[in-house]
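The values are calculated or read from the model by the stated rules, or taken from the named source; none is laboratory data. Just so you know, these numbers come straight off a predicted model, no measurement behind them. Reconstructed Cβ throughout: ideal geometry from the backbone, glycine too, with neighbour counts over all protein chains shown. Note: accessible area is taken over every heavy atom of the protein model, side chains too, but ligands, DNA and RNA are not part of it. Shrake-Rupley method; radii C 1.70, N 1.55, O 1.52, S 1.80 Å.
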Amino acid sequence: QALPDQGSESLGQAMEAENRIVAAFRKFDVQGDGCIHRAELEEVFRKLDPERWTEDKLNLLLSDVQSDDTGRIPVVDWLHSLSSCGEEPAIESAGTTAPQMPRLNFRRLLKEFREMQQAVVRGGSSGIARCELVDESLMVWEVEVSFPDGSVLQRGLDELANSLFDDARRCLQLQARFPPEYPFAPPEIWLRQPRLKYRTAPATFGGKVCNPLLTRAGWHASASMLMVFEQVQSALLDSGAEVDVAVSIKKGYPDSPVVIGLDRTRTSNIAQMGDFRREDMTVISAQEAEIFLGDLGRLEASDKLMLPLELAEEIYGGEGFCGNMMFEVKTRGGRKTHCALLDFGHGIPADHFLLPKWVMDDLLIEERDTVTIRSVHLELCTFAKIQPHSVDFYEALDRSGGDPKTILMQSLRRFSALTEDTSIPIEIAGASYDVNVVELRPAGAVSIISHGDFDVPIDFEAAPDLEDEVALRARQDELVARYRARQEACRDRQVAERSSAEQAASEARRRRFRSLQEAARSSSECSVTEATVELAIRLPGGKQIYRSFPEGAPFAALLHFVLLSEWAETHEPWGVQLMMSFPRRVMQQSDKVTKAMHRSVISVREEAAPTDLEELLRESGQAHGGGIAYDLELPREGFVDDWLPEIDEEAVHARTQKAFEVQRFVRAGVDVVEALARYEAGEVLPPGQAELELGSEERPPPALARVLSRRHSEVIEVSSVPEDADAQITQVMAFTGLPRYLAADFLARYDWDVQEAINQALDHLDGDEES
């Protein structure tokens, strides 16, 4: 019986299948010690299929299995070796078809993506401005975040946006890349644009964000991606990160690879040599240590470390010691570098060690920070690609007059190892210029110590601020075009605002005019019906109109007559004044028509409307909050999902599955082109050991005498709780992010079926059912 495929079995089923296999092999385990003799194991396979299991295939199958002196093999170790992470499958799998990406993993990714989109719609303090899939796959997201107004980082983003005439650049663009093991392994977060000034932010020169949360030690499977990005935002603000405006105008961080292989320096890719490993080692720079250890210039000029003398016996006397032993230094933020040992030092405390100051600066650590050190084996470098930090590197090479490769190789001889995405200083004519290690072969960390003349092919990636005339001209043309487009958009906006203001003012005048008409009509009623006083009304422009009014008619009757005139209907005056010719005065609302006014002329004077739109709207009785009024509907609480873009889950699942499987090939050392071809041919890798052991972190077992279900106030008796209930609860908690009592509740209601409990929990979290 083969080990279950992660694409068709849940973690619980995988563990159950492994237990069944172990139980079957116990029939051949006469000693009862969990081991089986190699000869016995070979006999089992020959009985199963003597034609298939030839001597050569059995040797290949058992080549990675460590047996003791008597030839006995731990069965569980052998099972894990069949699917060890990062290795090619040891057994041919003819006819194997590509499985679906684990549906639960896909649904967790989809849930996290939806939560990010909801944060975008809600806006507010989260600062998440955009979240989209790259190539329609959930394995890579593109996210834009903003920062508080007035912060150093946001001021830099605003300055860059103004310099480029591009308001879209007011956000920091990040990329989230997910490993196949997610959510049980952390994602990687990379800066995309703009470039931040090196060493002002917790990120490498290549753009990888370093944070304890994004390390396997600091990661927890229940952590939400919204929390991850909030943590990254906070870390960038706290570190005082600054935008490198001068460089970002020309170029951002490197483009993403077509297929993302993720961290090539992870622990499983770098072989351990010996058994030396120390956590919480305190690091001190060579410059700091000179105070009590004397001149350490030789250490500072190298990339090596110096360990306390007390560790010499542990390292040299340990198993697996070899003369070309290297050391890996890993920070709490996940940064790694690799180097050789310079020497053991007298006077260095047992839990301390020394590093060159420039190495500490590149690792983003301070004096007396704690790190982890382990002894490793590194293969010899066969290829390197580097990127100068600035054009100063090229100018220094030109001034030196020497051969670039010769100068580079001479400088590299000071060092012992190279690690991808670290920076090293290159000496040119007595001055130091930093370069970033972009790519190495055959691994992400390599040795450059050679007993003979060390010579390796070196390729260059252009410095971020390097720009040839063609690129400069293209950028200038783009800026001019963008400036003109902005000016045109500004003019269009001004025209639209002016038109909107004029329309609002016209409507306000019309509303005011109608209110004046209505007020005059209601006040002009008079009980006297005989009209005996003839009056001439001179309108603005000189035209006169005539009307007889009853004696004692109120002022409003005159006003109503004027406001019903053709002139008034055409001009819609803001207000009018009526002037008597003799005695010359402005008529008041309390005035009435008298016999003395018979055949006199009343002049009409138009009142000017307020020139300020706000005042005009206010006086016309229209409430306005300032600026031009726009009707913008915002999502109400509880209706955010109605604003989310539609997602074709099947199409996204297909693209995600492809990215998932191809990434596993790439991480196993397969070339990208070959990985794509093998996937299209239907070939897949078996699940690795890390994938089989997902969610198996050790946690203190709680008392399981009974599990309280808060939702239904039920008490589940001990007899109904399985023996591995704690592990099942932990698994559901890790995968869904639910609190413990809810995870136990879902398991209890679905008969302690882990996969069904997770599915139902995700349904509730997605809002597919009533919670």
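Summary of values
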quantity: VAL470 accessible area, assembled protein chains, probe 1.4 Å, Å²; calculated: 100
quantity: Length added when fully stretched, GLU507-ASP135, from 0.36 nm per residue minus Cα-Cα; calculated: 129.0 nm
quantity: Calculated FRET efficiency for the pair GLU367/ILE449, C-beta based, R₀ 30 Å, to 0.05; calculated: 0.60
quantity: Reachable lysines from LYS592, criterion Cα separation under 24 angstrom, eight or more residues apart if same chain; calculated: LYS543
quantity: Net charge over other residues, Cβ less than 14 angstrom from the Cβ of THR532 (K, R count +1; D, E count -1); calculated: +1
quantity: Set of lysines near LYS251 by C-alpha distance (under 20 Å), chain-local residues within fewer than 8 positions excluded; calculated: LYS197, LYS208, LYS385
quantity: GluC sites (Glu not before Pro) restricted to segment 479-550 and DSSP loop, no more than 16 other C-beta within 10 Å; calculated: GLU525, GLU530
quantity: Amide hydrogen neighbours beyond the local backbone of GLY345, cut-off 5 Å, H modeled; calculated: LEU307, LEU309
quantity: Distant-in-sequence amide H partners of ALA417 (H built 1.01 Å from N, under 5 Å); calculated: ALA340, ILE448
quantity: Integer Hz, Karplus 6.51/-1.76/1.60 couplings in order for segment 438-444, x for Gly and Pro; calculated: 8, 8, 10, 9, x, 9, x
quantity: Interchain or long-range residues, amide H under 5 Å from VAL243's placed H; calculated: GLY156, LYS197
quantity: Theoretical gain in end-to-end length, ALA462 to LYS385 [0.36 nm per residue, Cα-Cα removed]; calculated: 26.7 nm
quantity: Hydrodynamic radius of segment 285-383 per Kirkwood, over alpha carbon pairs, in Å; calculated: 14.1
quantity: Local electrostatic count, LYS250, Cβ distance below 12 Å [Lys/Arg +1, Asp/Glu -1]; calculated: -2
quantity: Largest-first principal axis extents, alpha carbons of segment 391-431, Å; calculated: 29, 19, 16
quantity: Added length on full extension, which subtracts the Cα-Cα distance from 0.36 nm per residue, LYS197 to ARG298; calculated: 33.4 nm
quantity: Integer Hz, Karplus 6.51/-1.76/1.60 couplings in order for segment 292-306, x for Gly and Pro; calculated: 10, 10, x, 5, 10, x, 5, 5, 5, 7, 9, 10, 8, 10, 10
quantity: Accessible area in square angstrom per residue, segment 336-485, 1.4 angstrom probe; calculated: 46
quantity: ³J(HN,Hα), Karplus 6.51/-1.76/1.60, whole Hz, each residue of segment 478-486, x for Gly, Pro; calculated: 5, 5, 4, 4, 5, 5, 5, 5, 5
quantity: Rounded percent of accessible protein surface that carbon and sulfur make up, segment 450-520, 1.4 Å probe; calculated: 49
